[in-house]
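Working notes for the structure below.
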Amino acid sequence: MNPLITFFRTKIYTAILLLVIIMMIGVTGYVMISGYSLVDAFYMTVITMSTVGFGEVYPLDDESKIFTIFLILASVVIVGYALSIITEYILSKNDVEELKHKKMQKKIDSFKNHIVICGYGRNGKQAARKLKAYDKQFVVIEKDKELEERLQLDDVPYVIGNANEDETLITAGVERAACFISALPNDADNLFVVLSARQLNRKINIISRASNESSYDKLKYAGANNVILPDKIGGDHMASLVVVPGLMEFIDNLSIVGKSDINIEEVAVEKFYDSEKPRTIKDLDLRKNTGCTVIGYKDENGEYIVNPEAEMKLARNSKIIVLGRPEQIKALNSEYDID
């Protein structure tokens, strides 16, 4: 918690304690000096402290008047102190929130080649959790201000606003971003957001969620590089557990969540170049050097080859996909200085 807020809360507790003490003194004094009942004494104390100007319950004698004068003077000081502290607290809290937002925006402005996640529902939250585990820089755009507290608790950089507005996308740094994930529940909203993001950044990689298969082609036409159908994937996965349960169990055990327990890695070929001469998968000899096995190859045109031949030449701007135990992947990353 912010030290300034803690400081003001301590002062508020002190002010409340002083109010309770002066009220107890007032009630006790009117009971003992004026002979009032507890209800009458409490009433007299409240109207005296609040200075509302109501009449006395009974006419006051000299001793009661002197006591009332003391109570009025003490109450003015204590009530004034309490009101000033509460006012300062409210203003300081607003200032602290504003400072937090400015600090977060400054952090977002420093991001480059980051990921922008649009929507913090089930899919958006899961995407954020995965990216955070892998130490990727990302920003969440969320329209619902009620989720701001959840975003703060999750320690997620965020922008509160409507992603349909270009200003919100620019605030999230979409012009500098490398990837954009649109995880809104409504396909029409995803379509509009994808179109806006593509116009602001022609090179950005856009991944969009879709609820209906009929939206697939529209989202691709709007500029999405990939369209994910969560319901279709879930159905396919459940069916696969019936058809090839052993294989699916193996795949489920593969982890790409965090750097400490990752099993699969995609590496740019440039990481392995030490000269201009093209190299082959065999030349890398990753199995011997790191224990990892090459299970896939993505050429410069984006085409995938599963289980490539050892003699396949590695072209520039291509990638290889390797499989290994966490310690082997760690050795690979360390050997070739992979971020």
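Just the residues that are outside any helix (DSSP H, G or I) and polar (S, T, N, Q), please, taken from region 32-76.
Of everything in region 32-76, those that are outside any helix (DSSP H, G or I) and polar (S, T, N, Q) turn out to be Ser34, Ser37, Thr51.
Looking only at region 287-309, count every residue that is loosely packed, with under 12 Cβ neighbours inside 10 Å and either outside any loop (DSSP other than H, G, I, E, B) or in contact with a helix residue (DSSP H, G or I) (Cβ under 6 Å, 6 or more places away or on another chain) (or both) and tell me the total.
Going through region 287-309 one residue at a time, the tally reaches 3.
Working carefully through the options Val52, Val57, Val31, find the one that is modelled with pLDDT of 85 or more, at negative phi and not hydroxyl-bearing (Ser, Thr, Tyr).
Val31
When region 269-303 is examined, which residues are found to be modelled with pLDDT of 85 or more, hydroxyl-bearing (Ser, Thr, Tyr) and out of contact with any Pro (no Cβ under 7 Å at 6 or more places or on another chain)?
Once the filter is applied, which keeps residues that are modelled with pLDDT of 85 or more, hydroxyl-bearing (Ser, Thr, Tyr) and out of contact with any Pro (no Cβ under 7 Å at 6 or more places or on another chain), region 269-303 yields Thr280, Thr290, Thr293.
Could you run through region 82-94 and say how many residues are surrounded by 12 or more Cβ atoms within 10 Å (Cβ to Cβ) and at pLDDT below 70?
Residues in region 82-94 being surrounded by 12 or more Cβ atoms within 10 Å (Cβ to Cβ) and at pLDDT below 70: 2 in total.
Checking Ala210 against (1) closer than 24 Å to Lys106 by Cα; (2) without any contact (Cβ under 8 Å) to a residue 24 or more places away in the chain; (3) among the hydrophobic types (A, V, I, L, M, F, W, C), which test does it fail?
Failing condition for Ala210: (1).
Name the residues in region 315-329 that are modelled with pLDDT under 85 and either within 13 Å of Glu266 (Cβ to Cβ) or not in a loop (DSSP other than H, G, I, E, B) (or both), would you?
Within region 315-329, Pro326, Ile329 qualify.
For region 138-152, which residues satisfy the criterion of being at pLDDT 90 or above and in contact with a strand residue (DSSP E or B) (Cβ under 7 Å, 6 or more places away or on another chain)?
Phe138, Val139, Val140, Ile141, Glu142, Leu151
On the given criteria, is Ala133 surrounded by 13 or more Cβ atoms within 10 Å (Cβ to Cβ), assigned by TED's automatic domain parsing to the domain that holds Ile204 and in contact with a Gly (Cβ under 6 Å, 6 or more places away or on another chain)?
Answer is yes for this residue.
Identify all residues within region 191-223 that are under 18 Å from Phe138 (Cβ atoms) and not in a strand (DSSP E or B); write none if there are none.
Val193, Val194, Ala197, Leu200, Asn201, Lys203, Ile204, listed by residue number.
Mind listing whichever residues of region 180-190 are surrounded by fewer than 20 Cβ atoms within 10 Å (Cβ to Cβ) and either assigned to a loop (DSSP other than H, G, I, E, B) or not acidic (Asp, Glu) (or both)?
Result: Pro185, Asn186, Ala188.
Do you know which of the residues in region 105-125 that are part of a helix (DSSP H, G or I) and more than 11 Å from the chain's Cα centre (by Cα) is nearest to Ala183 (Cα to Cα)?
Only one residue fits best here, namely Asn123.
Checking Asp166 against (1) in contact (Cβ under 8 Å) with a residue 60 or more places away in the chain; (2) within 18 Å of Val194 (Cα to Cα), which test does it fail?
(1)
List, please: which pairs have Cβ atoms under 7 Å, are six or more places apart or on different chains, and start with a residue in region 46-70 that is small (Gly, Ala, Ser) and end with one that is surrounded by 15 or more Cβ atoms within 10 Å (Cβ to Cβ)?
Within 7 Å, the pairs are Ser64/Ile33; Ser64/Ser34.
The values are calculated or read from the model by the stated rules, or taken from the named source; none is laboratory data. Please read all numbers here as calculations on a predicted model, not as lab measurements. Note: ideal-geometry Cβ built from the backbone for every residue, glycine included; neighbour counts use all protein chains shown.
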